[in-house]
1. Across the stretch 16-53, what is the total count of residues that are aliphatic (A, V, I, L, M) and over 13 Å from the mean Cα position of the chain (by Cα)?
2. Does Glu98 satisfy the condition of being farther than 26 Å from Val37 by Cα and either touching a residue at least 60 places away in the same chain (Cβ under 8 Å) or among the acidic types (Asp, Glu) (or both)?
3. For the stretch 13-36, state whether one or more residues are in contact with an Asp or Glu (Cβ under 9 Å, 6 or more places away or on another chain) and crowded, with 16+ Cβ neighbours inside 10 Å.
4. Out of the stretch 27-49, which residues are more than 15 Å from His130 (Cβ to Cβ) and in contact with a Leu (Cβ under 9 Å, 6 or more places away or on another chain)?
5. Are any residues in the stretch 74-108 assigned to a helix (DSSP H, G or I) and either among the basic types (Lys, Arg) or under 17 Å from Thr47 (Cα atoms) (or both), and if so, which ones?
6. Would you confirm, using the coordinates I've provided, whether Ala111 is closer than 21 Å to Thr44 by Cα, modelled with pLDDT of 95 or more, surrounded by 13 or more Cβ atoms within 10 Å (Cβ to Cβ) and over 19 Å from the mean Cα position of the chain (by Cα)?
7. Among the residues of the stretch 1-59 satisfying the criterion of being among the hydrophobic types (A, V, I, L, M, F, W, C), at pLDDT 95 or above and in contact with a Gly (Cβ under 8 Å, 6 or more places away or on another chain), which is farthest from Thr117 (Cα to Cα)?
8. Collect the residues in the stretch 37-66 that are in contact with an Asp or Glu (Cβ under 6 Å, 6 or more places away or on another chain) and polar (S, T, N, Q), keeping them in residue-number order.
Amino acid sequence: MVNPSPQPSFYQADTYRTEESIGLMMRQILTSLAQGVEQKLANTALTHAQWMPVFKLHLGHASTVAELARECHLDAGAMTRMLDRLEAKGLCTRSRSETDRRVVNIALTPAGSQAATEIPAVLCDVLNGHLNGLSADEFATLKSLLQRVLHNTKGGAADNPGAPVTTSFLPPLPGAADAR
């Protein structure tokens with residue numbers, strides 16, 4: 001049996017500085033991205049909180065309330081409230097399944113499909129603005145490093161029951177409870 005490599009000690013409690021936390025930096029980047037998307041969507045029917053469910057439906061990643069809630073990492077109640085707003089805007093419709101009354105199907109309206117086609121351009125514009133000044137090689141390196149960190153969340157530190165898990169330094173994303 002191969003011994004796993006020791007966990008790195010990039011951070012030490014006695015020298016820890018919040019401004020050097022990659023968790024905080026990633027949260028600040030996510031917050032800035034969310035604000036950028038919100039600004040770009042200001043003159044559309046969508047808010048930052050609403051673009052993902054619309055886009056997931058458009059891509060065919062979900063067709064029921066339960067599937068969409070899982071895809072968007074929302075609980076059923078939050079997804080229902082989100083769909084109430086999207087339906088009120090004429091972007092989607094809900095209907096009970098004819099074979100299972102517990103299942104609620106969702107479909108985009110033509111207006112919802114049109115709104116979904118505009119999302120990639122908004123996302124690309126905001127992301128590219130945040131990557132301004134990076135070379136193609138630096139971008140590839142950044143993606144590779146982030147993929148490795150993401151991989152660790154799925155099978156590294158997350159599987160180590162002795163590792164403390166703390167997320168209290170992460171503020172909530174803006175627009176998480178967006179009611180527009």
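1. 7
2. So Glu98 passes the test.
3. Checked the stretch 13-36: at least one residue is in contact with an Asp or Glu (Cβ under 9 Å, 6 or more places away or on another chain) and crowded, with 16+ Cβ neighbours inside 10 Å.
4. Once the filter is applied, which keeps residues that are more than 15 Å from His130 (Cβ to Cβ) and in contact with a Leu (Cβ under 9 Å, 6 or more places away or on another chain), the stretch 27-49 yields Ala45, Leu46, Thr47, Ala49.
5. Within the stretch 74-108, Ala78, Met79, Thr80, Arg81, Met82, Leu83, Asp84, Arg85, Leu86, Glu87, Ala88 qualify.
6. Spelling it out, Ala111 is indeed closer than 21 Å to Thr44 by Cα, modelled with pLDDT of 95 or more, surrounded by 13 or more Cβ atoms within 10 Å (Cβ to Cβ) and over 19 Å from the mean Cα position of the chain (by Cα).
7. Result: Leu57.
8. Thr47
The values are calculated or read from the model by the stated rules, or taken from the named source; none is laboratory data. Keep in mind it's a predicted model, so treat the numbers as computed, not measured. All Cβ positions, even for glycine, are placed from backbone atoms using ideal geometry, and neighbour counts span all protein chains on display.
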